[in-house]
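Beneath this line is the structure, given in structure tokens, with notes to follow.
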Amino acid sequence: MYGKLLGDNVHWQNREAWIYSNNVYTRYPFQGSLYGLPPQVIKECIMGAIEARYGKPDQPKPASNGVHANGNSTNGHAKTNGAHSNGNGHGKSNGHTNGHANGSGRISRLTCEFKAPVNDKGDELLDCCGDGIAEATVPLAAAKDEPKNFEEFIYKVWGAGIAKHFAIPYNRKIWAVPLDEMETSWLGGRVPLPDLGEMIEGALSPKPKPMGPNARFGYPLRGGFQALMDGFLPLLNGTLRLNSRVKTVSPSRRIVTLDDGMEVSYQQLISTMPLPVLIRSMGQEAPTAIKEAAAALRYTSVCCVNLGFGREKLTDKHWIYYPEDTLFHRIFVQGNASPHCNPPGGFGITCEITYGPNKPLPCQGEALIQRCIDDVVKVGIARAEDPVWAANIVDMPHAYVVYDHARPKNVALIREWLDPHDIHLAGRYSEWEYYNSDHAFLAGKKAAESAQGRLQDAPVASA
Ligand SMILES: Cc1cc2nc3c(=O)[nH]c(=O)nc-3n(C[C@H](O)[C@H](O)[C@H](O)COP(=O)(O)OP(=O)(O)OC[C@H]3O[C@@H](n4cnc5c(N)ncnc54)[C@H](O)[C@@H]3O)c2cc1C
């Protein structure tokens, strides 16, 4: 696709994904690059990962019937009212006392269909989309007792130390919902399981630059990410109407009304509108149960604060995760995506800040921009004396689909109702799935094929 859409307008480079915590930058993934962190943090992370896999070393092994030696659990993952053994606790849900009992080794649904390529060193850790969640597979050892929610999953798979120092604070920050309200099916192939050998190696010496094909990513040389979409233009047949918003959709009349009042009829409709917005646009035509299901879909919003500084090459990193107290959870370093992303002498970054009903933005507008600038200086990316040439905010009300426990049922109900109306859903917000852009491209292809298939099957009179 890159070849077809971009030709030679593409810039390939090795990704530089980093994490900032305890006042140091370490490479992503956190668990494989502990070198440089305070010794106590390293110890907690390694001990936690060992305990998550094998149980506490100083306690008798869990009994094979699944009952913990301390008698707390039958499933090997007891919920108690206590905190973790390291005393960090983890928010509103209860702590886990120790690792899990020997399970049957059955394949959990966490074993993913979407397998990431594994390099010859067996390194499965790859965050190709820069969303802080690596694409990898969950070995069977991790899938023994299926966790009931995302928070449990974190403790079970990564252990208490990684949970405390990265996974819990980062995920709380990005999702802006309590993690025990999320299920885990979305993790699919996005789970980096700590490899103990790699962890120890990464704690004893600085992790080298990632190498090999997995380490590379491509970005349009000129034109930003939009260049990929623009690449479709010469390939399209038919009428393309840009800068028009769909205001209402009438499934019964098969008519879409645009914001300028124009009506467009359709036989097959492919929607990329956020699913709750699509259903709202149907007004009373959507039955109550469908409207309720759509209204129950939860999401996290993102404010992107774009900053352009008057100094070149503020950093050589590409994206950085901030699990601690900065306003933003991640910086995407636009300036390094391609050399043409910056004006001469300047450099651009994007600070991503999630918000939602449980985590409102602390301020808006200029105040929000200033908070970001202050934090960017605090974490050492910019200097206080750097001139700010440009600053703006892009608000994305629907940014992350929240995989709460009710989502699968609600999405299935809506899809089932839309299907006989020949409305095809395509993409992250329309299908209400945790898609990255590669998945979104494939979703568009699938929806187009499905619509085309129905047109071909339709009786000639109505074609
Ligand atoms: C902060 C952030 C960072 C991300 N970073 C990455 C990353 O680094 N790598 C990666 O692969 N993915 C990333 N993603 C995910 C990626 O952006 C999405 O997966 C992708 O954009 C989804 O494509 P889509 O076509 O499904 O939806 P969209 O890109 O949202 O496209 C939907 C289209 O539908 C249009 N539309 C919606 N409503 C209407 C309406 N009423 N009328 C007319 N048109 C309408 C919109 O204008 C839009 O053009 C990121 C997402 C966010 C929020």
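Each value in this text was obtained by applying a stated rule to the coordinates, not by laboratory testing. On a predicted model such as this, the values are computed, not experimentally measured, just so you know. FYI the Cβ positions are ideal-geometry reconstructions off the backbone, even for glycines, and counts take in every protein chain you see.
The order of Cys363, Cys45, going from fewest to most other C-beta atoms within 10 Å of their C-beta, is Cys363, Cys45.
Placing +1 on the Cβ of every Lys and Arg and -1 on the Cβ of every Asp and Glu, with nothing else charged, gives region 299-401 a dipole about its Cα centre of roughly 140 debye.
Of all aspartates and glutamates in the structure, those lying under 14 Å Cα to Cα from Lys291, and not within fewer than 8 positions of it along the same chain, are Glu416.
What do you get for GluC sites (Glu not before Pro) in region 271-337 restricted to DSSP loop and a cutoff of at most 12 other Cβ within 10 Å of the site's Cβ?
Values: sites: Glu285, Glu292, Glu312, Glu324; in loops: Glu312, Glu324.
Of the GluC sites (Glu not before Pro), the ones in loops of region 271-337 whose Cβ has at most 12 other Cβ atoms within 10 Å are Glu312.
List the chymotrypsin sites (Phe, Trp or Tyr not before Pro) within region 1-48 that fall in a DSSP loop (any state other than H, G, I, E or B) and whose Cβ has at most 11 other Cβ atoms within 10 Å. Sites meeting the loop and neighbour criteria: none at all.
Counting Lys and Arg as +1 and Asp and Glu as -1, what is the net charge of the other residues whose Cβ lies under 14 Å from the Cβ of Asp374? Neighbourhood net charge equals -2.
Local charge sum around Lys209 (other residues, Cβ-Cβ under 12 Å, Lys/Arg +1, Asp/Glu -1)?
Details: positive: Arg15, Arg27, Lys207, Arg216, Lys317; negative: Glu16, Asp316.
Result for the neighbourhood of Lys209: +3.
Summing charges over all other residues whose Cβ lies under 15 Å from the Cβ of Thr248, with Lys and Arg as +1 and Asp and Glu as -1, gives +2.
Can you flag which of Lys43/Lys209; Lys207/Lys317; Lys4/Lys445; Lys43/Lys164; Lys209/Lys317; Lys56/Lys156 are past 21 Å Cα-Cα? Walk me through the intermediate numbers first.
On the way: Lys43/Lys209 24 Å; Lys207/Lys317 15 Å; Lys4/Lys445 15 Å; Lys43/Lys164 12 Å; Lys209/Lys317 11 Å; Lys56/Lys156 13 Å.
Over 21 Å apart, Cα to Cα: Lys43/Lys209.
Averaging Cα coordinates gives a centre for region 406-458 and one for region 237-311; these two points are 14 Å apart. Starting from one equal scatterer on each C-alpha and no solvent at all, send me the Debye-based log10 I(q)/I(0) for region 222-263 at q = 0.19, 0.31 Å⁻¹, two decimals. Cα-only, vacuum Debye calculation for region 222-263: -0.75, -1.01.
Over all Cα atoms in region 299-401, the spread is summed up by Rg and Dmax: 13.2, 41 Å.
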